[in-house]
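So the structure is just underneath, and the comments pick up after that.
The values are calculated or read from the model by the stated rules, or taken from the named source; none is laboratory data. Please read all numbers here as calculations on a predicted model, not as lab measurements. Virtual Cβ from ideal backbone geometry, glycine too; neighbours counted across all protein chains shown. Ligands, DNA and RNA are stripped out before the accessible areas are found, and what is left, the full protein with its side chains, is counted by its heavy atoms. Shrake-Rupley method; radii C 1.70, N 1.55, O 1.52, S 1.80 Å.
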Amino acid sequence: MERKLKNAQHLNTNKQFMIGNGILAFAVIAVIVIFVYMSLRLQREREGDRYFAEQYTIALASGFEGDSISILINDSLLLNRTIDRQPYELQVKRFAEESTLMIVNNATEQLSVFELSERGGTYRYEKEDGKVKQLPQDK
C-alpha cells in the first residue's frame, strides 16, 4: 500500500509539471500573437497616411497611332488599347515611392522602361523605327 501511495504522488508531480509547461507555452504563444498583430496594425496605419500630391502626364507624341499599347507604372496597368489619335495623353497621380513607366507594344511584345521623377511632371514619348524614345521634358 505504501508503494502505491509513492507512485501516485510521483505521477501527480509529473502531471502538475506538464500542466504548468502547457500553460506557459500557451502564454508565450499568446504574447507572440499579440505582438505580431500590433506590429501589423501599426504598419497598416503608417501606410494609410501616405499621400502623394504629384501627378504624371504621359504623352505619346508621335509614331503610336494604330498600335496596340499597354502602359504600366510599376505593376499597375493604366492603359491597354489601340491608340487612335496623336498626341495621346494620360494623367495619373503618383502612388508609390519610386515609379517606373513601362510601355509595351502588344503586337511585338517589345518593352520600353523609363524611370519617373519623384516630383511628377509631363513625360513625352515618340516611337521611331520601332523604338520608343523619351523626349526632353518641358520646364
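Put a dot 7 Å past the Cα of residue 65, heading toward its Cβ, do the same for residue 91, and the two dots end up 2.4 nm apart. Rounded to the nearest 10 degrees, what's the angle between the helix 2-48 long axis and the longest principal axis of the chain, both from Cα atoms, 0 to 90? On a 0 to 90 degree scale, this one is about 20.
Hey, got the dipole for region 7-139? About the Cα centre, +1 on K and R Cβ, -1 on D and E Cβ, debye to the nearest 20?
Details: 15 positive and 18 negative charges, 141 e Å.
Once rounded to the nearest 20, the dipole reads 680 debye.
The three principal axes of the C-alpha atoms in region 82-138 carry coordinate ranges of 31, 22, 20 Å, sorted with the longest axis first. The Cα-based radius of gyration and maximum Cα-Cα distance (Dmax) for region 47-128 are 13.0, 42 Å.
Charge tally for residue 108 (other residues, Cβ to Cβ under 13 Å; Lys, Arg +1; Asp, Glu -1): -1. For residue 124, nonlocal amide neighbours, meaning residues 5 or more places apart or on other chains whose placed amide H falls under 5 Å from its own, are 59, 135. Largest to smallest in accessible area, the residues 128, 109, 54 fall in the order 109, 128, 54 (1.4 Å probe, all protein chains included).
If you sort 17, 26 by accessible surface, 1.4 Å probe, largest first, the order is 26, 17.
When a/c reaches 1.5 or more, the comparison of a/b and b/c decides; with that in mind, is region 67-108 rounded, prolate or oblate per its Cα gyration tensor? Display every interim value, and only then the final one.
Working: a/c = 2.91, a/b = 1.60, b/c = 1.82.
Oblate is the answer for region 67-108, as a/c is 1.5 or above yet b/c matches or exceeds a/b.
The solvent-accessible area of residue 18, taken with every protein chain present and a 1.4 Å probe, is close to 130 Å².
Using only the C-alpha atoms, the convex hull of the chain corresponds to 165 Å³ per residue.
For the pair residue 25 and residue 118, label points projected 7 Å from Cα toward Cβ lie 4.9 nm apart.
Taking the chain as a Gaussian network of alpha-carbon nodes connected by springs under 10 Å, the highest mean-square fluctuation of the residues 119, 41, 81 belongs to 41.
Solvent-accessible surface (1.4 Å probe) assigned to residue 85 amounts to roughly 110 Å².
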